[in-house]
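Here's the structure, in structure tokens; my notes come after.
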Amino acid sequence: MATPIVTDGSTDRVREAPRVVLPDNPRLFEERAARFAQLAGGHPMGAYLALMAQVAGGQQSASGARAAQPLPARTVEQSRSFGMPPLSAQGHQRAPLWHDDLRDVVRAVRADGAPALQTALDRLQALDDVSLEAVADRVLAGTALDEDAALVPFVGAALQVYFARQAAALAADDVSHCDVATICPVCGTRPVASIVRIGAAQASLRYLVCALCQTEWNMARIQCSSCETDKGVHYLSLAADEAADATQAAVKAEACDECKTYLKIFNQEKAALVDPVADDLATLALDLLVDEQGFARSGPNLLFHPGTG
Ligand SMILES: [Zn+2]
Ligand SMILES: [Zn+2]
């Protein structure tokens with residue numbers, strides 16, 4: 001991975017840090033499953049979060065079960081020439097491999113019962129390939145229909161596994177050409193959230209996390225992740241007493257007066273196990289608060305569709 005000089009906007013520090021971090025942690029989904037399970041305890045949406053722990057467990061099984069498909073050399077060349085994301089969520093020709101990932105996710109959920117879900121899972125498994133690809137296209141484009149709602153978390157989960165696996169197989173040089181700061185340099189998807197990291201080179205730096213392929217890319221703090229302004233950015237929080245609740249203290253909504261959007265920012269310095277996807281779903285109350293103030297959320301969570309909760 002290239003190590004360009006990155007300036008952290010919150011201080012005058014200049015350091016060497018990776019601009020892009022590919023999703024090569026082999027335990028990524030296992031760690032997310034553990035976080036979902038931890039957050040589910042005593043939570044008003046505990047049943048949903050526990051179900052998502054099973055989904056993430058299925059993602060972990062799927063993730064290790066098969067290898068990435070080689071990308072055509074022409075795709076990588078074109079991406080370099082035009083500064084385009086090499087695995088564009090909209091343009092990438094998905095291999096049917098992701099259907100196997102979906103089967104693993106569904107199997108993990110079925111294995112633990114969850115009788116209320118059987119109808120949705122039956123419907124999902126009865127879809128022919130054309131219909132399934134159409135649902136996937138809508139999930140990726142953010143245009144899922146009401147009738148897709150119950151299927152979205154499973155299709156979204158399988159697509160995450162597939163795109164993360166493909167992303168992890170890229171070389172650093174393959175992803176260094178797309179410099180649109182507000183979308184994923186690998187797949188062009190908006191971030192689910194941003195996270196202030198701990199540990200080694202990334203410590204205290206803010207990374208945006210792709211909602212789809214889980215790639216992370218650096219952006220200065222106190223800068224809008226949607227329109228890139230550093231004016232009119234402010235933070236909203238649910239934590240009345242930060243000392244009393246580490247999970248709540250670790251999350252804020254970064255809201256921008258210029259473009260009227262927001263995205264959550266998680267701080268690993270306050271809760272080391274915080275996960276951008278799991279903690280996002282565990283803090284939907286913050287979304288409600290910020291929505292009420294007239295801000296629209298700028299990035300999706302592919303494990304959620306309004307009506308699935
Ligand atoms: Zn991505
Ligand atoms: Zn903005």
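Out of LEU302, LEU263, I need the residue that is assigned by TED's automatic domain parsing to the domain that holds CYS213 and either assigned to a strand (DSSP E or B) or under 22 Å from ALA34 (Cα atoms) (or both). Which one?
Result of the check over LEU302, LEU263: LEU263.
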Please indicate, with yes or no, whether at least one residue in region 105-125 is small (Gly, Ala, Ser) and either part of a loop (DSSP other than H, G, I, E, B) or closer than 22 Å to SER298 by Cβ (or both).
yes
Within region 266-299, restricting attention to residues that are under 12 Å from the mean Cα position of the chain (by Cα) and not in a helix (DSSP H, G or I), which residue is farthest from ligand 1 (Cβ to nearest atom)?
ASP275
Among the residues of region 176-229, write down those that are within 16 Å of ligand 2 (Cβ to nearest atom), in contact with a helix residue (DSSP H, G or I) (Cβ under 6 Å, 6 or more places away or on another chain) and not hydrophobic (A, V, I, L, M, F, W, C).
none
Can you pull out every residue in region 206-225 that is away from ligand 1 (no atom under 16 Å from the Cβ) and not in a strand (DSSP E or B)?
ALA220, ARG221, ILE222, GLN223, CYS224
Taking the residues in region 145-157 that are touching a Gly at 6+ places or on another chain (Cβ under 9 Å) and small (Gly, Ala, Ser) as candidates, determine which candidate is surrounded by the most Cβ atoms within 10 Å (Cβ to Cβ).
ALA157
Tell me which of these THR215 doesn't satisfy, since it passes every other one: (1) surrounded by 15 or more Cβ atoms within 10 Å (Cβ to Cβ); (2) among the hydroxyl-bearing types (Ser, Thr, Tyr); (3) at pLDDT 90 or above; (4) farther than 15 Å from ARG197 by Cβ.
(4)
Candidates ALA144, ALA149, ALA168 - the one that is of a type in the set (A, V, I, L, M) and under 18 Å from THR75 (Cβ atoms):
ALA168
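Take ASP129 and decide whether it is charged (D, E, K, R), modelled with pLDDT under 95 and within 22 Å of PRO72 (Cβ to Cβ). Break it down stepwise before answering.
Details: charged (D, E, K, R): yes; modelled with pLDDT under 95: no; within 22 Å of PRO72 (Cβ to Cβ): yes.
In short, no.
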Which ones in region 170-205 are more than 9 Å from ligand 1 (Cβ to nearest atom), at pLDDT 95 or above and under 24 Å from SER61 (Cα atoms)?
VAL192
What are the residues in region 230-260 that are at pLDDT 95 or above and part of a loop (DSSP other than H, G, I, E, B), if any?
ASP257, GLU258, CYS259, LYS260
Counted residues, region 61-91 - those being more than 30 Å from ARG27 (Cβ to Cβ), within 16 Å of ligand 1 (Cβ to nearest atom) and among the hydrophobic types (A, V, I, L, M, F, W, C)
1
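Among the listed residues ALA89, ALA37, ALA126, which satisfies the condition of being without any contact (Cβ under 8 Å) to a residue 24 or more places away in the chain and either more than 24 Å from ALA211 (Cβ to Cβ) or buried (at least 21 other Cβ atoms within 10 Å of the Cβ) (or both)?
Residue meeting the stated conditions: ALA126.
The values are calculated or read from the model by the stated rules, or taken from the named source; none is laboratory data. Since this is a predicted model, take the numbers as computed values, not measurements. Every residue, glycine as well, gets a Cβ built from its backbone with ideal geometry; the counts of neighbours run over all protein chains shown.
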